[in-house]
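Read the structure below first, then the notes.
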Amino acid sequence: MDRPIPIGTTVVMERTGETMEEMYVNMGPQHPSTHGVLRLMLKLDGEYIIDCIPYIGYLHRCHEKIGENRNYTQIIPYTDRLDYLASMSMNFGYVLAVERLMGQKIPERAEYMRVILAELQRIASHLIWLGTFGLDLGNFTIFMYCFREREMILDLFESVTGQRLNYSFYRIGGMPMDFPETFLTDCQVFLTWFKPRLPEYDAIMTDNILFQKRVQGVGISPPQVAVDYGLSGPMLRACGIKWDLRRNDPYSIYDRFEFDIPVFDTCDVWARYMVRRKEMEESVKIVEQALAQLPPGEVMAKMPKTIKPPAGQIYSRAESPRGEIGFYIISDGSPKPYRYKVRSPAYVNLSALPEMLKGCLVADCVAVLGSVDIVLGEVDR
Amino acid sequence: MIPLSHYLILGGIIFSLGVFGALTRRNAIAILMSIELMLNGVNLNFIAFARYLPQTMLQGQVFAIFVITVAAAEAVVGLAIVLGLYRNFKTVNVDEINLMKW
Amino acid sequence: MMTFASLVERFYAAMAAWGIPWIVPTLIVMVIVVSVVLAYISVAAMFMIWWERKISAHIQVRYGPMRVGGWHGWAQSIADGIKLLLKEDLIPAGADKVVFVLAPMVVFGATVAAYVTIPWAPGLIVRDLNIGILYMVSISSLVVVGIIMAGWSSNNKYATLGALRSAAQAVSYEVPLVLSLLGPVMIAGTMSMGKLVEAQSGRWFGVLPGWFVFPQIVAFLIYFTCALAECNRLPFDIPEAESELVAGFHVEYSGMRFAMFFLAEYANMFVVSAIATTVFLGGWHGPWIPLPGLPREVAHGLFGLVWFQVKCYFLIFVMMWLRWTLARLRVDQLMAFAWKVLLPISFANLIVTGLVLVLGKQALLYVGGIAILLLAAILLAARPAARTVRVGERT
Amino acid sequence: MTLKLGIFYFLAAFTVWAAAVVVLGKNIVRAAVALIFGFCGMAALYVLLDAEFLAAVQVLIYVGGITILLLFAIMLTSRIGATTARVVNDQVILSAMAAVGLLVGLIYASTSGIPAMSGPPRLPETTPFLGRALLTTYALPFEAVSVLLLAAMVGAIILARKE
């Protein structure tokens, strides 16, 4: 098929060289499929997308500047609001950075708690992604199914932290309190409930031919493009590149668990869907192993009252559900960071969107945007 | 009972309006629409004759069917031509499309 | 048999006997029929909307409306309707006002007009036109005109895109739709809705009910698929695709005008189900028992009325079920499906039906139907499975 | 004046009005909408002439097919809400004269040449007759039209292709 290619300000058909008529359509900031206040300027020829310009910043709230005016512990609640669908992972990445800067070791039990919570969070985040992705493609039912399971995870989190969305539960040096007594059995109950649900999702999504037709061969980002743009997480693993920080740059205690890194090499929306779908299974495996190995003991290391990391700098990264969440901190020895910078995965992943959208249809735009799995709180910071 | 001439005059009026439109409109699609009007005027006459001259065994209706078919074919090809014109000239105004004129 | 038409005739005669000019009874009958149809549409559509919400809720492991009206929120759509009636009527400043106002009327009017030839029960049909089925199909095609008018006059890019999609979809799906209806019409040898139902009164091989769905199973499936597209229901709801085009053609409509689109959508669902019931599912035929104290014909009629409704609402239930289970197709896939899959299969079905009818062997109808079904299945299965695109390859 | 005549005058006025809007209207989309109403009026006139089958075909093909294609093409080729200042070309006076001349001729022919006929009270069902006629007496024209349709389809596809 002949596809329109933008050359300079005019648009030329790929094969015939004919110029085309353009139409601009504003998608967002109030649009049901932009998952927040993202605005996309679509340059269309009929229904084909010639170009797409994402406008961001509607949710900007000076996260990094605020960070430089708070002490290290006070920053933790702000990291919740980065990726509000995966607050645990954001907390995890941040406390990891500060602990690495301080050279602080934390108790074994706290490490296991962190992994359990972070992996449950990964499942919850992927569930909400799967639900909204289904919604984008016109399948409403999967959304409700996913939310049912996510509610259960949130109930678990509530029993541990007292919160359902922004937990602020990780502390520099460990965890503030142990699991409640009932948590271990509740978590087992959830896992035994959740595992048979995954084939149900397959029945309604993966095996549905209409769904396959919608996602296969759409929104292609070749591996070179993915690496050039610095994509990470499921976006990168969907390009056939086996890169997962839990394996490639092990942090915490991830080297103790048996799990696979799902990789698909078709580079399209389908591959991204499959990567996330398989990752849920792997996260279940990790949680099960961690629950079995959970050692007794303290959950908080002895920490000074005011945290003052030694002067120096650190870039520390962790694998959030959306990819590499990196924290760059320069400390001048005072209780506040001198410089605090966040490398957020969704922002970087979103930057490749125009590249993936060229030549797609408007309907594909929704699917591709859904497959990037953006959280605007993290994109805009 | 409605006299046959009423239908014929009505068909004539619609046909003449179509002729006027086809001759004067600048937009190619409007010209196509005017031609459809002309065909409809003719159809009305055919069907009126079929109704009032029963000895013709509904020949008029048969021909009206043919006219409708031809009109459909004409519209399809005409619109394809209009779209082709639009792609090349960025306009559908026929008096601006004058490459063959000198 | 006591039919609606004969009742009307008797009424005319009675009025004429009193010396009242015939325009009066005509108008009276017209007003009564139109108000009955409108009342039926409003009530049925309201309850269909409620059912849709309940069905979707139960498919999605939730309850749906539970509060308004007490029992399972049965009054929810009535409340919604009142809300829509009381809402401010907005017309965008840049809109083409005349066309904008006209569009919902065209959509609703076309839908209502199709109710004229629905055969509700033996003898109960407003007008049993001899071209009934053709009339219904052609009148329902007017709905698309209204949609295009709405989309264009809103002066909104999303609405325009929705209207363009709708035009493309309608032109594509009307062709296999009409072709699929031709098979039963050929078997019955009539286009009148009432006679189509009567033609299905027998039994196939003395066992199966004489419905045309059995020999014409392929045509039925094609018809139902196209009917989904005609009603803009998922998986063919791309003209309104709320996740892409927000709401497509009716994005700028509010209040009463939006309610008219909404009502027309559900009324249209009933129309296509009624066509399917009449043509394929035997219309009012079904088991019935003579009720004591009622004349045989009236009992037959009452049961027929119930059976017709049961079949229609079963099809509507299937449409709702599909809507909450499937994902939406893409525009190009939608068009390719109509032209490359449905159209050839419906032509094959037509040819086989014609051949069998010429040969005059009824049993062969089944052989032909099954053969086409197999052929279609093989064709569909042999199509290259959704292609997996390799690295670096762009389609 | 009987009721039927009244209906005829009403439909005739409606159709002529719609046709006038098509020909003289400034806004092309409104012209197309008027064309739809005109076609519907014609269909009603066909019903008045006992040609129900043709009325249904008129609605199905003209309204459901051709005008939708026309609207589709209009939306592809003109801006929303655009009205051109000048919808007619320079030969408007000449054309008007030609059209009026034609009309006068047609009216003269319709009123003088043909005797007033009233036809039979009501035609029998026309659809089966039409079907039989198309496949027997008019089989050859029917096939010719089929070939024409095929040719038009192929031609349209080739013309509209982008490559």
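The values are calculated or read from the model by the stated rules, or taken from the named source; none is laboratory data. Note that this is a predicted model, so its numbers are computed, not measured. Backbone-built Cβ (ideal geometry, glycine too); neighbour counts: all protein chains shown. Surface accessibility is based on the protein's heavy atoms, side chains included, excluding ligands, DNA and RNA. Shrake-Rupley method; radii C 1.70, N 1.55, O 1.52, S 1.80 Å.
Quick look at the numbers
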quantity	calculated
Matching residues in region C:173-200 - criterion: being in contact (Cβ under 8 Å) with a residue 24 or more places away in the chain and outside any helix (DSSP H, G or I)	C:Thr190, C:Met191, C:Ser192, C:Gln200
Candidate set from region B:21-34 (those that are at the interface with another protein chain (Cβ under 7 Å from one of its Cβ atoms) and within 15 Å of D:Ser95 (Cα to Cα)); member that is surrounded by the most Cβ atoms within 10 Å (Cβ to Cβ)	B:Gly21
Residue satisfying condition, being closer than 24 Å to D:Ala156 by Cβ, at pLDDT below 85 and within 19 Å of the chain's Cα centre (by Cα), within set B:Asn88, B:Asn27	B:Asn27
Residue list for region A:124-151, filter: touching a Pro at 6+ places or on another chain (Cβ under 9 Å), assigned to a helix (DSSP H, G or I) and buried (at least 24 other Cβ atoms within 10 Å of the Cβ)	A:Ala124, A:Ser125, A:His126, A:Trp129, A:Asp136
Candidates C:Val106, C:Val98 - the one that is surrounded by fewer than 20 Cβ atoms within 10 Å (Cβ to Cβ) and in the same structural domain as C:Leu142 (by TED's automatic domain parsing)	C:Val98
Options C:Asn155, C:Asn130; residue that is part of a loop (DSSP other than H, G, I, E, B) and closer than 27 Å to C:Phe303 by Cα	C:Asn130
Some residue of region C:34-48 being under 30 Å from A:Glu200 (Cβ atoms), outside the structural domain of C:Arg296 (by TED's automatic domain parsing) and either without any contact (Cβ under 8 Å) to a residue 12 or more places away in the chain or hydrophobic (A, V, I, L, M, F, W, C) (or both)	yes
Selection from region C:148-167 of residues that are more than 7 Å from chain D (Cβ to nearest Cβ) and open to solvent by 10 Å² or more (accessible area, probe 1.4 Å)	C:Asn156, C:Lys157, C:Tyr158
Residues satisfying the stated conditions in region A:283-300, i.e. small (Gly, Ala, Ser), in contact with a helix residue (DSSP H, G or I) (Cβ under 9 Å, 6 or more places away or on another chain) and either exposed (fewer than 15 other Cβ atoms within 10 Å of the Cβ) or not assigned by TED's automatic domain parsing to the domain that holds A:Arg343 (or both)	A:Gly297
Test: C:Gly293 is outside any helix (DSSP H, G or I), in the same structural domain as C:Trp120 (by TED's automatic domain parsing) and touching a residue at least 40 places away in the same chain (Cβ under 8 Å)	no
Unique match (being closer than 28 Å to A:Gly297 by Cβ, among the acidic types (Asp, Glu) and open to solvent by 10 Å² or more (accessible area, probe 1.4 Å)) among A:Glu119, A:Glu68, A:Glu108	A:Glu108
Total residues in region A:204-234, condition assigned to a helix (DSSP H, G or I), farther than 25 Å from C:Leu329 by Cα and either open to solvent by 10 Å² or more (accessible area, probe 1.4 Å) or of a type in the set (S, T, N, Q) (or both)	6
Breaking point among (1) open to solvent by less than 40 Å² (accessible area, probe 1.4 Å); (2) among the aliphatic types (A, V, I, L, M); (3) without any contact (Cβ under 8 Å) to a residue 60 or more places away in the chain, for A:Val189	(1)
Counted residues, region D:34-77 - those being within 10 Å of chain C (Cβ to nearest Cβ), open to solvent by 10 Å² or more (accessible area, probe 1.4 Å) and closer than 20 Å to C:Asn155 by Cα	4
Residue ID - nearest to the other protein chains (Cβ to nearest Cβ), chosen from residues in region D:9-33 that are farther than 22 Å from C:Pro104 by Cα and not in a helix (DSSP H, G or I)	D:Gly25
Test: residue in region C:44-61 that is open to solvent by less than 60 Å² (accessible area, probe 1.4 Å), over 28 Å from the mean Cα position of the chain (by Cα) and not hydrophobic (A, V, I, L, M, F, W, C)	no
Filter result (more than 14 Å from chain A (Cβ to nearest Cβ) and under 28 Å from A:Gly134 (Cβ atoms)) within region C:223-253	C:Phe224, C:Cys226, C:Ala227, C:Glu230, C:Cys231, C:Phe249, C:His250, C:Glu252, C:Tyr253
Scope region B:69-93; condition surrounded by fewer than 23 Cβ atoms within 10 Å (Cβ to Cβ), facing another protein chain (nearest Cβ under 8 Å) and among the β-branched types (Val, Ile, Thr); matching residues	B:Thr69, B:Val70, B:Val76, B:Val77, B:Ile81
Qualifying residue in region C:188-207 (condition: over 30 Å from C:Pro295 (Cα atoms) and open to solvent by less than 30 Å² (accessible area, probe 1.4 Å))	no
Residues that are under 19 Å from A:Phe140 (Cβ atoms), open to solvent by 20 Å² or more (accessible area, probe 1.4 Å) and of a type in the set (A, V, I, L, M), drawn from region C:291-335	C:Val318, C:Leu322, C:Leu326
Qualifying residue in region A:255-262 (condition: surrounded by 24 or more Cβ atoms within 10 Å (Cβ to Cβ), touching a residue at least 12 places away in the same chain (Cβ under 8 Å) and part of a helix (DSSP H, G or I))	no
Members of region A:301-327 that are of a type in the set (A, V, I, L, M) and crowded, with 17+ Cβ neighbours inside 10 Å	A:Ile307, A:Ile314, A:Ala318, A:Ile325
Any hit, region D:98-114, residues being more than 7 Å from every other protein chain (Cβ to nearest Cβ), at pLDDT 85 or above and touching a Gly at 6+ places or on another chain (Cβ under 7 Å)	no
Cβ-Cβ under 8 Å pairs, at least 6 apart or on other chains, region D:125-139 side more than 12 Å from chain C (Cβ to nearest Cβ), far side part of a loop (DSSP other than H, G, I, E, B) and open to solvent by 40 Å² or more (accessible area, probe 1.4 Å)	D:Ala133/B:Met57
Matching residues in region A:152-168 - criterion: being in a loop (DSSP other than H, G, I, E, B) and not charged (D, E, K, R)	A:Gly162, A:Gln163, A:Leu165, A:Asn166, A:Tyr167, A:Ser168
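Conditions (1) assigned to a helix (DSSP H, G or I); (2) open to solvent by 30 Å² or more (accessible area, probe 1.4 Å); (3) facing chain D (nearest Cβ under 7 Å); (4) in contact with a helix residue (DSSP H, G or I) (Cβ under 7 Å, 6 or more places away or on another chain), marked per residue:
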| residue | (1), (2), (3), (4) |
| --- | --- |
| B:Ser16 | yes, no, yes, yes |
| B:Val19 | yes, no, yes, yes |
| B:Val42 | yes, yes, no, yes |
| B:Asn45 | yes, yes, no, yes |
| B:Ala48 | yes, no, yes, yes |
| B:Arg51 | yes, no, yes, no |
| B:Val62 | yes, no, yes, yes |
| B:Val67 | yes, no, no, yes |
